[in-house]
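Peer 1: The structure that follows is given in the form of structure tokens.
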Amino acid sequence: MLKVQLTNFICNYNLENFGHEKTLIFSNSLGTNLSMWEDNIDVLSHHFNILRYDKRGHGESTIHQDKVSIAELGNDVIELLNYLKLDTVYFCGVSIGGLIGQWLGINYSSRFEKIVISNTAAKIGNEEGWAARVKQVTENGLGSILIPTAERWFSPDYRAKNPDKVQEILHHFKVNSLQGYTACCYAVAAADFREQLYNLEVPLLIIAGIQDEVTTLADGKFIQKHTPIANLVTLDAAHLSNVEYPAEFAKHIIHFTEH
Ligand SMILES: O=C(O)CCC(=O)CC(=O)O
């Protein structure tokens, strides 16, 4: 892993050069870190160089503020690309990473060849729900929501068959910075791209999880309907579909970026 000082925080990232012209940047979901992509790399390494980073306040990236916005998180991506002298790249983000992808597609279209957003929505949840979650973890810690988090993130079948993987990801969740988690909860709560999607002109792939109750298939269809160039595919997964179906998720990216 490498670290770079960006505006207001130190960003932890990993750039793997597999000798390709194309680079794919991955943006993690709320409460996870760059290891969430571990099982996608093998298939994708035959097609892309892979840049992964921990978003602000996640994993080993620092944070020094109680609230952050999707615009700031999007600018972190642009700053990291500038630092690495990567002019145009492919982007893939899950959930809050998908909100960042929407913001980047709307505001920095010239920097992205194609954008993949997975298990996300133009608006995720509502203010009350996010305020309740911030209160819960502020008063009782991230460890207090491990069970409902696992139930939202993984389908019952996946949880039963992959207990070690579920525990590994929940461990990263539990030891994440509380400030980083709640700051990004505020970012998700405030984000709403429903009226801006028509400005997202970068070719877009939406991956939806059939069993995702946080960001539903209907949310994915809404984005597809309101965005100029968008395809939608599904996986029989809950919220972290790239973890439940790593090879299939990667193959959807490859098919989309090559056609
Ligand atoms: O996963 C995200 O990035 C935002 C949505 C969310 O918080 C999922 C969950 O319910 O934990």
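Throughout, read-outs are computed from the coordinates displayed, never taken from laboratory work. Quick caveat: nothing in here was measured; it's all calculated off a predicted structure. Note that each Cβ is placed from the backbone with ideal geometry, even for glycine, and that neighbours are counted across all protein chains shown.
Peer 1: Using 7 Å Cα-to-Cβ label points, what is the residue 1/residue 43 separation (nm, one decimal)?
Peer 2: 2.6
Peer 1: While we're looking at this one, here's another question. Determine the distance separating the Cα centre of the range 102-124 from the Cα centre of the range 204-259; give it in Å without decimals.
Peer 2: For the range 102-124 versus the range 204-259, the Cα centre distance is 13 Å.
Peer 1: Could I ask something else about it? Restricting to Cα pairs below 8 Å that are 6+ residues apart, what does the relative contact order work out to for the chain? Please round to a whole percent.
Peer 2: That works out to 23 percent.
Peer 1: At what distance in nm do the modelled label points of residue 195 and residue 8 sit from each other, each positioned 7 Å from its Cα along Cα→Cβ?
Peer 2: Distance between the two pseudo-spin positions: 2.4 nm.
Peer 1: Quick one: dipole size for the range 41-131, taken about the Cα centre, charges +1 on Lys/Arg Cβ and -1 on Asp/Glu Cβ, in debye to the nearest 20. It would help to have the intermediate numbers written out before the result.
Peer 2: Values: 8 positive and 11 negative charges, 43 e Å.
Value, rounded to 20: 200 debye.
Peer 1: Sorted by average packing, counted as other Cβ atoms within 10 angstrom per residue and highest first, what order do 112-123, 228-239 take?
Peer 2: Averaged packing, sorted descending, gives the order 112-123, 228-239.
Peer 1: Right, next: For residue 108 and residue 236, what does the FRET efficiency come to when R0 = 51 Å and r is the distance between their Cβ atoms, rounded to the nearest 0.05? Kindly include the intermediate steps, with their values, before the conclusion.
Peer 2: On the way: r = 33 Å, r/R0 = 0.64.
Efficiency, rounded to the nearest 0.05: 0.95.
Peer 1: Would you mind telling me the antiparallel percentage of the DSSP bridges in the chain, rounded to 5?
Peer 2: Details: 9 of 33 bridges.
Counting only bridges with both partners in the chain, antiparallel ones make up about 25 percent.
Peer 1: Ok, one more. Residues with amide H under 5 Å of residue 193's amide H, sequence separation 5 or more or different chain, H placed in the peptide plane at 1.01 Å from N; which?
Peer 2: Long-range HN contacts for residue 193: 123.
Peer 1: In addition: Take residue 174 and residue 221, extend 7 Å from each Cα along the Cα→Cβ direction, and tell me the distance between the two endpoints in nm.
Peer 2: 3.9
Peer 1: Among DSSP beta bridges whose residues both lie in the range 1-146, state the antiparallel percentage, nearest 5.
Peer 2: Here the antiparallel bridges make up roughly 40 percent for the range 1-146.
Peer 1: Here is a further query. Quick check: from the Cα gyration tensor, does the range 2-258 come out rounded (a/c under 1.5), prolate or oblate?
Peer 2: It comes out rounded by the Cα gyration axes.
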